[in-house]
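I have placed the structure first, in the form of structure tokens, so that the comments after it can refer back to it.
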Amino acid sequence: MQGLDSTAIVPALPRIAEAFQAPELAPHILLAAYFIGCGASLPVIGWASDRFGARRVLLVAIAVFVLAGIASALAPGLMWLTASRFVQGAAAATLMPVARMLAVRTAPPQALLGIITALTAPAMAGQTLGPALGGLLAAHEAWRGIFLVGVPFAVCSLGIVALIAPDARREDCGRLDWVAMVMGVLAMTAAVAGLGTMRDDGPPVYICAAFVALAAGLGTLFVRRNLASDTPLIDFRVLADPTFRRCFRGGLLFRLLVGGTPFVLAYHFQSGLSLDALTSGLLITASGAGALLVKPFTARIIGHLGYRPTLLWAGGASVVLFLLVAFADLRWPLVLIAGVLVAGSFVRSLQVTTFGTLCYADLPARSAGSASVLSSIAQQLSHALGVAIAAGAMAAASVAGAPPSQVSLSGFLAIAIGTGLCLPVFWRLSKSAGSRLL
């Protein structure tokens, strides 16, 4: 739901501006509000699940997601829509970390890979399919329907969660540390606001930098307070586990590619190759197919190669296939470009599932909440940072007078270099890492 809901709105932003008679760039605040809501809810999710039970938290989050989606569809103005998107983002961000926590705590180790695969692949595909669906609805003057796309899935999820989700609460979670919660919420809000708006159409760079600096300061205080607490909101001591630490760091770097890909591809196809918006959207949508195609093969590939080798070759292949698209031009058949995109999303989804499962291999069940929340925080920050890195490199190339093809190439290279740094991190994993999960 979150993957589809977060990206479907992008093609409809001009239509929303027309409908509310707002400046052309004003609706971009809807993107910022959604992702700020996602970031703001993360610091307290683990504690809430431990204190009130994972099933109850999931049910509340899904219900809020549905109500916020309906409120967005009925919004009479831009401010109403912005507020409801913030709430919907906060509810959506709760779902994945709590679901992962339940899987780690209750599933046998050998079943964890299949569960994480089932959670990860549809989410990645939704991020890519969202723009095409949103563009289709916007083209037929039905942009309000975008906010209702996830509602049927959410309603079905309510019944499933109520029937089968375990409670999985902890009696020793302690009382809520309100000071730490405020620090964490403000730090994530500032980080996502600063990184997520660092674009040509965003606020001045010094404002974004001020938000990032504020996030760094508050984040440092948040970490120190939690480390000093006997009952922390997030137990950062999970980073002492070598497998989790390396998967966390490597995943943070690799997800730069996941976050930056749609942004760079959209510019490359429309400005670099001069393709129309429909063709560009269909190509980007095609890249989501690989995330679904990999699902039946994930367990076989990892079972045959092992976790560490899979991370190394899938990570390298992801970078190579991503760069290959940068050299595509109008002499390439569109079907060939689509094939490269599908292959890229195939190995990219495999990589995300692999380190997303391996990170829990050596952790005790009681640490699942903190580990899941930390993984989600890394995901939010690296996605925003991926867009910021690509936008910064492309803006610098544009200011230097580079043609559109070179501008897009600078974005490809910046993301590829950052992502490639994950390979030395994964190389340091133990050769037997994840063996108990096979």
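The values are calculated or read from the model by the stated rules, or taken from the named source; none is laboratory data. Values in this document were obtained by computation on a predicted structure and should not be read as measured data. Note that each Cβ is placed from the backbone with ideal geometry, even for glycine, and that neighbours are counted across all protein chains shown. These area figures cover heavy atoms from the full protein model, side chains too; ligands, DNA and RNA do not enter into them. Shrake-Rupley method; radii C 1.70, N 1.55, O 1.52, S 1.80 Å.
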**Study point:** Whichever residue in the range 219-249 is of a type in the set (A, V, I, L, M) and more than 19 Å from Ser375 (Cα to Cα) and, among such residues, is nearest to the chain's Cα centre (by Cα)
**Key:** Leu221
Check your understanding: Picking from Ser382, Ser408, which residue would you name as being open to solvent by less than 10 Å² (accessible area, probe 1.4 Å), more than 14 Å from His268 (Cβ to Cβ) and at pLDDT below 90?
Key -> Ser382
Practice item. Would you check if there is a residue in the range 19-27 being in a helix (DSSP H, G or I) and of a type in the set (Asp, Glu)? Key: no
Study note, to complete from the structure: Taking the range 308-353 and keeping residues among the aromatic types (Phe, Trp, Tyr) and either in contact with a Cys (Cβ under 9 Å, 6 or more places away or on another chain) or closer than 29 Å to Ser405 by Cβ (or both) leaves Phe322, Phe327, Trp332, Phe346
Study note, to complete from the structure: Per the filter on the range 160-179, residues open to solvent by less than 80 Å² (accessible area, probe 1.4 Å) and either more than 20 Å from Gln88 (Cβ to Cβ) or touching a strand residue (DSSP E or B) at 6+ places or on another chain (Cβ under 6 Å) (or both) are Ala162, Ala165, Pro166, Asp167, Ala168, Arg170, Cys173, Gly174, Leu176, Asp177, Val179
Check your understanding: Any idea how many residues of the range 235-248 are of a type outside the set (S, T, N, Q) and either in contact with a strand residue (DSSP E or B) (Cβ under 6 Å, 6 or more places away or on another chain) or buried (at least 19 other Cβ atoms within 10 Å of the Cβ) (or both)?
Key -> 7
Practice item. Just one of (1) among the aliphatic types (A, V, I, L, M); (2) open to solvent by 20 Å² or more (accessible area, probe 1.4 Å); (3) not in a helix (DSSP H, G or I) trips up Val335, so point out which. Key: (3)
Point to revise | Unique residue being open to solvent by 60 Å² or more (accessible area, probe 1.4 Å), in contact with a helix residue (DSSP H, G or I) (Cβ under 9 Å, 6 or more places away or on another chain) and within 26 Å of Leu195 (Cα to Cα) when the list is Ser398, Ser375 | key: Ser398
Study note, to complete from the structure: Over the range 50-60, the set of residues modelled with pLDDT under 90 and of a type in the set (A, V, I, L, M) is Ala54, Val57, Leu58
Practice item. Working only within the range 291-306, note down all residues that are open to solvent by 90 Å² or more (accessible area, probe 1.4 Å) and more than 22 Å from Ala338 (Cα to Cα). Key: Arg300, His304
Exercise for review: For the range 264-287, state whether one or more residues are within 23 Å of Leu381 (Cβ to Cβ), open to solvent by 60 Å² or more (accessible area, probe 1.4 Å) and part of a helix (DSSP H, G or I).
Suggested key: yes
Check your understanding: Can you spot a residue in the range 190-201 that is within 30 Å of Leu385 (Cβ to Cβ) and at pLDDT 80 or above?
Key -> yes
**Study point:** Matching residues, the range 75-105, being outside any helix (DSSP H, G or I) and open to solvent by less than 10 Å² (accessible area, probe 1.4 Å)
**Key:** Ala75
Check your understanding: Can you name the residue in the range 302-312 that is assigned to a helix (DSSP H, G or I) and touching a residue at least 12 places away in the same chain (Cβ under 8 Å) and, of all such residues, is farthest from the chain's Cα centre (by Cα)?
Key -> Gly303
Point to revise | Selection within the range 207-228 - surrounded by 14 or more Cβ atoms within 10 Å (Cβ to Cβ) and among the hydroxyl-bearing types (Ser, Thr, Tyr) | key: none
